[in-house]
Amino acid sequence: MEEVPQSAEAALAWATAAGVTPPSRSRIEEVLLSRDAFAENLFPTLLDALGFPAPGDVLSAANRLRV
């Protein structure tokens, strides 16, 4: 299926443009190939696979900067 490699490349480019270094293309493809009735269920998994920090991590870092 050609769509998954193209989608993985687009996701990698998006993460890189956001300043994140994705750890593994194969993990991203795995997430994109997984089956779930709702994309909302897979989105947090995709963000994690792309290397984005969890929301709590971002808030903790922001609070440390205020000190």
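The values are calculated or read from the model by the stated rules, or taken from the named source; none is laboratory data. The structure displayed is predicted, hence computed values, not measured ones. Note: ideal-geometry Cβ built from the backbone for every residue, glycine included; neighbour counts use all protein chains shown. In case anyone asks, the SASA skips ligands and DNA or RNA and just uses the protein heavy atoms, side chains included. Shrake-Rupley method; radii C 1.70, N 1.55, O 1.52, S 1.80 Å.
Taking every residue in the range 20-48 that is closer than 15 Å to SER7 by Cβ and pairing it with any residue that is β-branched (Val, Ile, Thr) and open to solvent by 80 Å² or more (accessible area, probe 1.4 Å), at least 6 positions away or on another chain, the pairs with Cβ-Cβ distances below 9 Å are PRO22/THR16.
Checked across the range 8-17, the condition of being on the phi < 0 side of the Ramachandran plot, part of a loop (DSSP other than H, G, I, E, B) and without any contact (Cβ under 8 Å) to a residue 12 or more places away in the chain holds for no residue.
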